[in-house]
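Values quoted throughout were computed directly from the atomic coordinates according to the rules given, and no laboratory measurement underlies them. The shown structure was predicted, so the numbers you read here are calculated from the model rather than taken from an experiment. Cβ atoms come from the backbone with ideal geometry, glycine included; neighbour counts cover every protein chain shown.
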Amino acid sequence: MSVRAAEDLASGDHACAVPVSDEQLWELTARFLAGGLHRNEKVVYFDDGTSERVLERLTEDRMPVAATLRSGQLQVVPVDVTRGAFRSPVADVRALLHSYVDGSVAQGWSGFRMTGQLSYGADAPAGVPMTAYDAALDDVARERRLTVLCLYDHGHYSPEQIERMRAAHREELVSPAAYDDGLLRITQTGATAVRLAGEADHSNRPVIHKLITDTLDRALRSADAPTDIELNLASLRFVDVAGAVALVHAAEEFPSSHRLVLGDVRPGVQRVLDRCGAPFATQLVVRGAQQPPARLPRPADEPHGPRERRLAGAGRGAGNGSGARISDAGPTDTGATDTGATDTGATATGATDTGKTGAPLAPGADEPPEAVPEREGAAR
């Protein structure tokens, strides 16, 4: 099996990944989806109760979630359809995938990529092993040049299931981290820049302090290194008081030539920092996170298109042990219905705009949110 990075995946690739933590799962998923959005591809996420966190991570990564849902470039497949796929014949699932690809071509997108939470199929609810569905998916990926990422995390799969599915793939993605204890994940994003995701508390506080001091030491020893030590906190959801105090004290130890910059800080985290003396630390800069819409746009709860409706019926009828067969040959429909969503909190359902030509949407295509002003120490 070859090992690759998410950025290296191209049309026709079908890879797997085995995240070691929830934070790595969201990181990998969002990076894979964002790659397709940047490439002007149709991007589909098969949901099974995880889409809210995925959309949140995409927002933290400054992707235009609301705009891409409205345009139909980003689509979240409802839970009933995801589960129904594993209660249906493999041939029917293959037909659904073909309809998605045909629809994306008709809409003018440059390609098609998919991922999602597919753990419902691990226990073969209809008696068909998950490897059979994966083999069909691999065939379609080769034939129609899909880009596919299969995620097998330890929270949803047993070790035996993970190894079985890992063996069925030719390629595996890697996403190295400087630190990951299941609670906090730290990734290096630049010579003097890192990203923290998850929760910071007493258990990992020494790791954060060492990270800052080591990075500052490298910067001081290099004439070409940036003078700002940057910590991106967009995905840091919690920090305890002791952790906030440690960040403030670390900044107070910086020489006047260098600064500790905390970027994209969530309001709750910023409040803790403020109470722990951040406004008075001269070498500390706290930049508030850009505020997302009042609430994230929600994908459609109902399936759309004849094939999705059939699979949804199979998913809802899970108790009877039988799957519904896709037999109608209705027109291809791969976009959800537009319910008139706006970026200000109305429901966005992944609508397909029939007038679209597949124009790419760059990050920031949504209405620009207001940012919390940059705040430095007492010197300002």
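Figures for the structure shown
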item	result
Charge dipole (region 144-214, unit charges on Cβ, about Cα centre) - positive-most of L146, T213, Q161	L146
Gain upon complete extension [F238, A5; 0.36 nm per residue less C-alpha separation]	81.0 nm
Pairwise FRET efficiency - S222 versus E143, Cβ, R0 = 41 Å, nearest 0.05	0.25
Gain upon complete extension [V207, R166; 0.36 nm per residue less C-alpha separation]	11.6 nm
Gap separating the Cα centres of region 47-119 and region 215-256, nearest whole Å	38 Å
Tensor-based shape of region 1-117 (alpha-carbon gyration tensor, a/c under 1.5 rounded, otherwise prolate or oblate)	rounded
Global form of region 53-107, assessed from the alpha-carbon gyration tensor, a/c cut-off 1.5	oblate
Inter-label distance for A178 and T282, nm, one decimal - labels placed 7 Å from Cα along Cα-to-Cβ	2.6 nm
Contact order normalised by residue count of region 154-267, Cα under 8 Å, 6+ apart, percent	23 percent
Peptides ranked, highest mean first, by Cβ atoms within 10 Å: ranges 73-79, 166-172	73-79, 166-172
Model label zone, H38; criterion: amide N under 18 Å from point 7 Å along Cα-to-beta-carbon; scope region 96-138	110-115
Extension gain, A135 back to A106 (0.36 nm per residue minus Cα-Cα distance, nm)	7.9 nm
Listed peptides 268-275, 232-239 by packing density, highest first (mean Cβ within 10 Å)	232-239, 268-275
Peptides ranked, highest mean first, by Cβ atoms within 10 Å: ranges 122-128, 279-285	279-285, 122-128
